[in-house]
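Following: one structure in structure tokens, then a few remarks.
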Amino acid sequence: MPLIRTQGREHLPGTGAVILASNHLSFIDSVVIRLAAPRRVTFLAKNEYFTGRGLRGRLVRWFFTAAGSVPVSRGSHRAAQAALDTARGVLDGGNVFGIYPEGTRSLDGKLYRGRTGVAWLALTTGAPVVPVALEGTERLQPVGKRLPRPHRVTVRFGSPLTFTGDPKSARARRAVTDEVMLAIGELSGQERADRFAA
């Protein structure tokens, strides 16, 4: 297992709904966050991880199920809203939900513009957002590599952010998302890219 250095665990509230919003550098990020967090964290995972066949398919399904991942379909606006509704259910149960506002892994190490699902969740549920910065996971398991390699990683939890506003307002969702991404960037020190990740 990787050597994980954790900073700011005290920022994660011990009870109640919490959104962990993190940068995204590697496939293994969700595993690292789960190991570093003092509470169980639920992430969404694409449905294909739960439908594979054969021994490999069963192992992948077992891994994601045991880790507490929830399967979701991807691709359409309807699927995106269904994913957010699933996440809202996790938060309504008083649990911790992890999300990557960039929407996909950064292949060049830059921090990309966030998508507004994190803001919709925060404004709809009232859950605080704890920004998270990962460092080194892109070397622990580089993109395209099946197995991790020994490497030290750092997980930084920032101070909780609370928001109020109308979740139906695109302007409010954009403002909240930009504030969350600013907090992640301050923790991670990544160069910012003022565009969405491809």
### Task
Keeping to segment 8-40, report how many residues are farther than 23 Å from His151 by Cβ and within 11 Å of the chain's Cα centre (by Cα).
2
### Message
What's the total number of residues in segment 120-147 that are part of a loop (DSSP other than H, G, I, E, B) and either at pLDDT 95 or above or touching a strand residue (DSSP E or B) at 6+ places or on another chain (Cβ under 6 Å) (or both)?
### Response
4
### Task
Kindly establish whether Gly94 is touching a strand residue (DSSP E or B) at 6+ places or on another chain (Cβ under 8 Å) and on the phi > 0 side of the Ramachandran plot.
no
### Summary
In segment 166-196, anything touching a helix residue (DSSP H, G or I) at 6+ places or on another chain (Cβ under 7 Å) and more than 18 Å from Ile99 (Cβ to Cβ) is listed as Asp166, Arg192
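Residue by residue through segment 40-68, note down the ones that are farther than 22 Å from Val132 by Cβ and touching a residue at least 24 places away in the same chain (Cβ under 8 Å).
Residue satisfying the conditions is Asn47 alone.
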### Task
Please name all residue pairs, on different chains or six or more residues apart, with Cβ atoms under 9 Å, provided the first residue is in segment 155-175 and is under 17 Å from Ala17 (Cβ atoms) and without any contact (Cβ under 8 Å) to a residue 40 or more places away in the chain and the second residue is among the acidic types (Asp, Glu) and not in a loop (DSSP other than H, G, I, E, B).
Leu161/Glu179
### Message
Would you confirm whether or not segment 153-168 contains a residue that is part of a helix (DSSP H, G or I) and in contact with a Leu (Cβ under 6 Å, 6 or more places away or on another chain)?
### Response
no
### Query
Applying the selection to segment 45-83, what residues are at pLDDT 85 or above, hydrophobic (A, V, I, L, M, F, W, C) and more than 18 Å from the chain's Cα centre (by Cα)?
Phe50, Leu55, Leu59, Trp62
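Let's see how each residue does on (1) among the aliphatic types (A, V, I, L, M); (2) in contact with a helix residue (DSSP H, G or I) (Cβ under 6 Å, 6 or more places away or on another chain); (3) closer than 21 Å to Leu123 by Cα; (4) surrounded by fewer than 19 Cβ atoms within 10 Å (Cβ to Cβ):
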site	(1), (2), (3), (4)
Arg5	no, no, no, yes
Ala21	yes, yes, yes, no
Asp29	no, yes, no, no
Ile33	yes, no, no, no
Arg56	no, no, no, yes
Gly93	no, no, yes, yes
Thr104	no, no, no, yes
### Unique residue being at pLDDT 85 or above, of a type in the set (Ser, Thr, Tyr) and surrounded by fewer than 17 Cβ atoms within 10 Å (Cβ to Cβ) when the list is Thr42, Thr86
Thr86
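Going by the structure shown, is Arg115 touching a Gly at 6+ places or on another chain (Cβ under 8 Å), of a type in the set (D, E, K, R) and either within 21 Å of His11 (Cβ to Cβ) or surrounded by 22 or more Cβ atoms within 10 Å (Cβ to Cβ) (or both)?
No: the conditions fail for Arg115.
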### Summary
Of Ala87, Ala119, the only residue that is within 25 Å of Gly52 (Cβ to Cβ) and of a type in the set (Gly, Ala, Ser) is Ala87
### Task
Could you tell me which numbered condition Arg146 fails, if it satisfies all but one of (1) without any contact (Cβ under 8 Å) to a residue 60 or more places away in the chain; (2) in contact with a Pro (Cβ under 8 Å, 6 or more places away or on another chain)?
(2)
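The values are calculated or read from the model by the stated rules, or taken from the named source; none is laboratory data. All figures in this text were calculated on a predicted structure; none of them were measured in a lab. We place every Cβ from the backbone using ideal geometry, glycine too, and count neighbours over all the protein chains shown.
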